[in-house]
Amino acid sequence: MYWLVLILSGVLEAVWATALSASRGFRRPWPVVVFAISMTASVVGLAYAMRGIPVGTAYAVWVGVGAVLTVLVAVLRKEEKLHLAKALLLAALIGCVAGLKAVS
C-alpha cells in the first residue's frame with residue numbers, strides 16, 4: 001500500500017508542477033487552486049509512504065516519478081521537445097525508480 005500511495009503522490013507532483021507553470025506566477029486563479037490542492041495531497045501521500053519506506057528511497061521515487069511525468073506532460077502539450085538523449089535519460093530514471101523498488 002505504501003508503494004501505491006508513493007507512486008500516486010509522484011503523479012500528483014507532476015500535476016502540481018504543471019499547474020504551477022500554468023498559473024503564470026500565481027496570476028491565474030484556477031491553476032493556483034489545482035496547484036495548492038495537488039501539492040498538499042502529494043506531500044501528504046509522501047509523508048504517509050514514509051511510514052513504510054525509508055526516507056531516501058521514498059523521496060527519490062517521488063521526485064523521479066514526478067519529474068518524468070512532468071516532462072512527458074510538457075512534451076504532450078508541445079511546451080518541450082523530446083530528443084533521443086532526453087528520452088534515454090528519462091528511461092534511465094524510470095529504471096532507477098524500478099531498481100529502488102526491487103532492492104527495497
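At-a-glance table
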quantity	calculated
Any pair with Cβ under 7 angstrom, 6 or more apart, that starts in the range 1-24 at a residue that is closer than 16 Å to ARG51 by Cβ and in contact (Cβ under 8 Å) with a residue 24 or more places away in the chain and ends at one that is not β-branched (Val, Ile, Thr) and not in a helix (DSSP H, G or I)	TYR2/ARG51; TYR2/GLY52
Count - residues of the range 42-60 that are among the aliphatic types (A, V, I, L, M), buried (at least 20 other Cβ atoms within 10 Å of the Cβ) and part of a helix (DSSP H, G or I)	3
Pick from the range 1-29, criterion among the hydroxyl-bearing types (Ser, Thr, Tyr) and within 15 Å of VAL97 (Cα to Cα), ranking: surrounded by the fewest Cβ atoms within 10 Å (Cβ to Cβ)	TYR2
Test: residue in the range 61-79 that is hydroxyl-bearing (Ser, Thr, Tyr) and not in a helix (DSSP H, G or I)	no
Those residues of the range 1-35 which are assigned to a helix (DSSP H, G or I), more than 19 Å from ILE94 (Cα to Cα) and either modelled with pLDDT under 95 or of a type in the set (Ser, Thr, Tyr) (or both), in sequence order	THR18, SER21
Whichever residue in the range 1-35 is hydroxyl-bearing (Ser, Thr, Tyr) and over 13 Å from the mean Cα position of the chain (by Cα) and, among such residues, is farthest from TRP62 (Cα to Cα)	SER23
Unmet criterion (only one of (1) among the small types (Gly, Ala, Ser); (2) assigned to a helix (DSSP H, G or I); (3) more than 12 Å from the chain's Cα centre (by Cα)) for SER38	(3)
Residues being assigned to a loop (DSSP other than H, G, I, E, B) and under 25 Å from TYR59 (Cβ atoms) - total across the range 80-104	2
Flag if SER38 is over 23 Å from LYS78 (Cα atoms), buried (at least 20 other Cβ atoms within 10 Å of the Cβ) and not charged (D, E, K, R)	no
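Conditions (1) exposed (fewer than 13 other Cβ atoms within 10 Å of the Cβ); (2) touching a His at 6+ places or on another chain (Cβ under 7 Å); (3) aliphatic (A, V, I, L, M); (4) at negative phi, marked per residue:
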position	(1), (2), (3), (4)
GLY66	no, no, no, yes
THR70	no, no, no, yes
LEU76	yes, no, yes, yes
GLU79	yes, no, no, yes
LYS86	no, no, no, yes
ALA92	yes, no, yes, yes
SER104	no, no, no, yes
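The values are calculated or read from the model by the stated rules, or taken from the named source; none is laboratory data. Small disclaimer: the values here were computed from a predicted structure and weren't measured. As a convention, Cβ positions derive from the backbone with ideal geometry for all residues, glycine included, and neighbour counts pool all protein chains shown.
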